[in-house]
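For reference, the structure discussed in these notes is given below.
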Amino acid sequence: MFKHLVSLFAALVLPCMVTGSALAEQSESDTGKEVVGKIKATLYLGSNSEPGEWAKDYVVAGQEMASRLRGIEQMSFKHYRKLGADVQPVFRSYENWLAPLKPSEEILLSFESRGRSGADGLRLDLEFWQHRRKIMQMNPVLKSDKPLLILGPRWRGCSMIIAIELIE
Amino acid sequence: MKRHDDQEPNPAELTLWMDGELTGDDLARVESWAKNNPEYLAEREAIQAMQSDIRSSIPASVEPPYADFFNQRILRAIEDKRGDVSEQKLAIGFAAIAGKFSKWLALPAAAVAMLICFYMGTQVSLAPDPMAPVVKVSAKPAIYMPDGNVRANVVSPQNNGATVIVLEGLEDIPDDFDIVGEPHHGRGTRSQMVMVSNEMIF
């Protein structure tokens, strides 16, 4: 009798388990694409002298950000302009890119999740690219109210500031 | 018709004569025949001497040691044998009942097992736990600079909440290069480079 039950198990139950598992896997999408957060990169130009005519195409940075930047010695300038911004989702296990100067690829940020850190933090593998050259690689913990600010290259007498924030 | 005395006895008679178990006329006839066959006489004497020696050294009957124990073992073996037979009968009875019962239970049991296994299979998933374990690591970011000419200074301004990184040694972007709205990189010889990141990070 036991031998018959084993045969029955092998013939019917195991295929059911395999089929059930396969169906479950099919029914779910790729979990690596699950969005675990959203980050925003904003590119500012800071200068102490009034930028030239070329800068009139770019909006003046918001008062809140300007005040925050002025509170940092290395980023304290009289004038701030916003060059561009990009918002991208953070996937669970896929890399994604931020291009705040779209369609230009002069400044790029690649990032990939490394999991939650603490209650409201998200650890990332983050790479800063300038002119298709990787400049820096780091693993910061981003929090919604604590941006990562990078003082980057100079352009037309202004200092470039990249602000990276976790917005979700 | 009476047998002649010189006639050789048959093997059975000869054996009985040698063992001393022949009697009556048969004994007289064989004795008469043996007088003319002294080798059989000698052989009979040797056999009888050997039998006499055996009788003198081995008792006629020997009581087995621990006779009670021996008998008890025999009785127990007999009882065990009887018990096995009754147990076999009982087992056959149970098997018959279970066989009839299992006929009715086999299909529902198999169906229930299939449903349970199917459900378990649907629960097997590679999906990570939505409440993934929180990794507690240093809050200070580890920074790697592939270009040795560029340095990164991490600054922690007070009352700001932000993490600040100051990159030093970066190449300035040429003033004549319109970095915004330039989908392609028109400056420098590296503009034709293809960006492929194949670094392995461990």
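The values are calculated or read from the model by the stated rules, or taken from the named source; none is laboratory data. Keep in mind that what you see is a predicted model, and the values were worked out from it rather than measured. Cβ atoms come from the backbone with ideal geometry, glycine included; neighbour counts cover every protein chain shown. Ligands, DNA and RNA are stripped out before the accessible areas are found, and what is left, the full protein with its side chains, is counted by its heavy atoms. Shrake-Rupley method; radii C 1.70, N 1.55, O 1.52, S 1.80 Å.
Here are the criteria: (1) within 9 Å of chain B (Cβ to nearest Cβ); (2) surrounded by 18 or more Cβ atoms within 10 Å (Cβ to Cβ); (3) outside any strand (DSSP E or B). Tell me which single one A:Ala119 does not satisfy.
In the conditions (1) within 9 Å of chain B (Cβ to nearest Cβ); (2) surrounded by 18 or more Cβ atoms within 10 Å (Cβ to Cβ); (3) outside any strand (DSSP E or B), A:Ala119 misses (2) alone.
Only one of (1) charged (D, E, K, R); (2) without any contact (Cβ under 8 Å) to a residue 40 or more places away in the chain; (3) facing chain B (nearest Cβ under 10 Å); (4) more than 23 Å from B:Asn149 (Cβ to Cβ) fails for A:Lys134. Which number is that?
(4)
Test B:Arg29 against the stated conditions and say whether it is modelled with pLDDT of 80 or more, open to solvent by 80 Å² or more (accessible area, probe 1.4 Å) and away from chain A (no Cβ under 14 Å).
When the stated conditions are applied, B:Arg29 does not pass them.
For the structure I just gave you, tell me whether A:Leu108 is without any contact (Cβ under 8 Å) to a residue 40 or more places away in the chain, in a strand (DSSP E or B), surrounded by 21 or more Cβ atoms within 10 Å (Cβ to Cβ) and within 11 Å of chain B (Cβ to nearest Cβ).
The answer is yes for A:Leu108.
What are the residues in the stretch A:152-168 that are assigned to a strand (DSSP E or B) and either open to solvent by 20 Å² or more (accessible area, probe 1.4 Å) or among the β-branched types (Val, Ile, Thr) (or both), if any?
Scanning the stretch A:152-168 gives A:Arg154, A:Ile161, A:Ile162, A:Ile164, A:Glu165.
Applying the selection to the stretch A:137-151, what residues are farther than 22 Å from A:Tyr80 by Cβ, assigned to a strand (DSSP E or B) and within 8 Å of another protein chain (Cβ to nearest Cβ)?
A:Gln137, A:Met138, A:Val141
Could you tell me whether A:Ile167 is more than 7 Å from chain B (Cβ to nearest Cβ) and of a type in the set (Val, Ile, Thr)?
yes
What's the total number of residues in the stretch B:110-159 that are at pLDDT 70 or above, more than 7 Å from chain A (Cβ to nearest Cβ) and assigned to a loop (DSSP other than H, G, I, E, B)?
4
Take the conditions in a loop (DSSP other than H, G, I, E, B), surrounded by 14 or more Cβ atoms within 10 Å (Cβ to Cβ) and either modelled with pLDDT under 95 or touching a strand residue (DSSP E or B) at 6+ places or on another chain (Cβ under 9 Å) (or both) and apply them to A:Leu101. Does it pass?
So A:Leu101 passes the test.
For (1) surrounded by 14 or more Cβ atoms within 10 Å (Cβ to Cβ); (2) in contact with a Ser or Thr (Cβ under 6 Å, 6 or more places away or on another chain); (3) within 13 Å of chain B (Cβ to nearest Cβ); (4) over 30 Å from A:Arg116 (Cβ atoms), each residue gets a yes or a no:
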position: A:Ser49; (1), (2), (3), (4): no, no, no, yes
position: A:Gly52; (1), (2), (3), (4): no, no, yes, yes
position: A:Tyr58; (1), (2), (3), (4): yes, no, yes, yes
position: A:Gln63; (1), (2), (3), (4): no, no, no, yes
position: A:Arg70; (1), (2), (3), (4): yes, yes, yes, yes
position: A:Tyr80; (1), (2), (3), (4): yes, no, no, yes
position: A:Gly84; (1), (2), (3), (4): yes, no, yes, no
position: A:Val90; (1), (2), (3), (4): yes, yes, no, no
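Name the residues in the stretch A:30-81 that are among the aliphatic types (A, V, I, L, M), part of a helix (DSSP H, G or I) and in contact (Cβ under 8 Å) with a residue 24 or more places away in the chain, would you?
A:Ala55, A:Met65, A:Leu69, A:Met75, listed by residue number.
Would you say A:Leu142 is within 14 Å of A:Lys40 (Cβ to Cβ), crowded, with 16+ Cβ neighbours inside 10 Å and within 15 Å of the chain's Cα centre (by Cα)?
For A:Leu142, the condition - within 14 Å of A:Lys40 (Cβ to Cβ), crowded, with 16+ Cβ neighbours inside 10 Å and within 15 Å of the chain's Cα centre (by Cα) - is met.
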